[in-house]
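Below is one structure, written out as structure tokens, with a few remarks after it.
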Amino acid sequence: MGNQRSITVNGDLGSGKSTVSVGLSERLNLRRISVGDLYREMARQRGMTALQLNLHAELDDVIDGTVDTMQREIAESGQRVIMDSRLAWFFFTNGFKVHLITDPTVAARRVLGRPANEVENYATLEEAKDQLRSRSESERQRFLTRYHADKHALRNYDLVLDTTRARPDEVIDVAVAAIEGRLGGQILAESPPLLLLDPARIYPTGDIGALRGMPESEALAGPDSLEPISIGYADSRFFVVDGHRRLSAALRAGLRLVPGTLLAQDNDLVVGGLSAREFFASAVTMSKVYDWQEAHGTELEMPAHALGDPAPVHS
């Protein structure tokens, strides 16, 4: 499947696109093209920050037009490449589309740890988070306005891969396995995307009591040893629809990635006529999150809607 297709790599700022695209280029022996490098050079030549160039590009079609024409030409040429670009998935319609995600704080730490330059320079972690959020939203609005293409819609991609805790070599290994059809082949063929998520970032929607009596550990070697979990996605958060026992086993085994299928996102219906957003708001409560964290030693950011749910009292 993947042997004849270009691979596009996009995703969150600070999610490791450069590292992963370079690794894929080396492993698959393919030429890598980075649109980010081109934009940074354009910003430097104009004496702008990356965010300033993004905002300027909302008003000046020439900036995006130049880069997008190049991507279209490469896509239409038939050559097989690794394309590191936040919009290449839109132009490479027949490509294998990899979307990287990561925790926003982790992304900000990564960006903050890079050598400062005149294009990207942040003084604090909070400033980096704010700037990355602004840049991402600026890009999203630009893509929506010009192409009606929403980079946040996960069904645009073949593989959604969380780099929050997984090591770079682990991320590259599973990406190659998916590209070559050795991991998640049925999902990729029938209902992409294949989700490879950090189990510590998935919210429970069921009571932990239902899992009592589970063995303390499971013989899980990696994502390929676990049946995919049915996942919903609402307002940038993943949650379990079916598969709490499998998710718990993965956490107890110390896995950094688990496979999943995307059942619904945002306004898509999940069960009982509820959208993913409505299901998330009704099923994810403070008590469930606290109990899940206590059982697994994890920490999830409490959703705003759950803050009105009284926290449990533990003896």
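Side notes on the structure shown:
- Nitroxide proxy distance, nm - points 7 Å out along Cα→Cβ at Asp37 and Arg237: 3.9
- DSSP-assigned coil residues among trypsin sites (Lys or Arg not before Pro) in region 97-201, each with at most 12 further Cβ atoms within 10 Å: Arg182
- Loop exposure criterion: GluC sites (Glu not before Pro), DSSP state outside H, G, I, E and B, at most 11 other Cβ atoms within 10 Å. Applied to the chain, the longest stretch between such sites is 1-117.
- Rg and Dmax of region 80-208, Cα atoms only, in Å: 16.4, 50
- Here the convex hull built on the C-alpha positions of region 198-308 has a volume of 95 cubic angstrom per residue.
- The Cα center of region 129-194 and the Cα center of region 220-275 differ in position by 16 Å.
- Inverse of mean 1/r across different Cα pairs in the chain, Kirkwood, Å: 20.6
- In this simple spin-label approximation, Leu125 and Arg80 carry label points 7 Å from Cα along the Cα→Cβ vector, and these lie 4.3 nm apart.
- Each other residue within a Cβ distance under 13 Å of Gly95 adds +1 if Lys or Arg and -1 if Asp or Glu, for a net charge of +1.
- Amide hydrogen neighbours beyond the local backbone of Val241, cut-off 5 Å, H modeled: Ser230, Ile231, Gly232
- Convex hull (Cα only) mean projected area of region 7-138, reported in nm² to one decimal: 7.9
- Distance between the pseudo-spin-label points of Arg165 and Arg245 (7 Å out from Cα toward the beta carbon): 2.3 nm.
- Largest first, the extents of the alpha carbon coordinates of region 227-278 on the three principal axes equal 34, 20, 14 Å.
- The chain: calculated mean residue ellipticity at 222 nm from DSSP helix runs of at least 4, using -39500 (n - 2.57): -12500 deg cm²/dmol
- Along region 266-281 the Karplus relation, 6.51 cos²θ - 1.76 cosθ + 1.60 evaluated at θ = phi - 60°, assigns HN-Hα couplings of 6, 8, 5, 6, 9, 9, x, x, 8, 6, 4, 4, 5, 5, 4, 5 Hz to successive residues, with x for each Gly and Pro.
- Debye, to nearest 20: dipole size of the chain, +1 on Lys, Arg Cβ, -1 on Asp, Glu Cβ: 520
- Estimated FRET transfer efficiency when R0 is 41 angstrom, pair Asp266-Asn29 (beta carbons, to 0.05): 0.60
- Placing unit charges on each Cβ (+1 for Lys and Arg, -1 for Asp and Glu) gives region 2-159 a dipole about its Cα centre, and among His148, Val35, Met83 the Cα reaching farthest toward its positive end belongs to Met83.
- The chain: angle of helix 35-46 to the longest principal axis, Cα-based, in degrees nearest 10: 50
- Computed from point charges on the beta carbon alone (+1 for Lys and Arg, -1 for Asp and Glu), the dipole magnitude for region 17-129 about its Cα centre is near 540 Debye.
- Positive-pole candidate from Val284, Leu274, Val240, dipole of region 228-315, charges at beta carbon: Val240
Values quoted throughout were computed directly from the atomic coordinates according to the rules given, and no laboratory measurement underlies them. Remember, predicted model here, so these are calculated numbers, not experimental data. For neighbour counting, all protein chains shown are included, and Cβ atoms are generated from backbone atoms with ideal geometry for every residue, glycine included.
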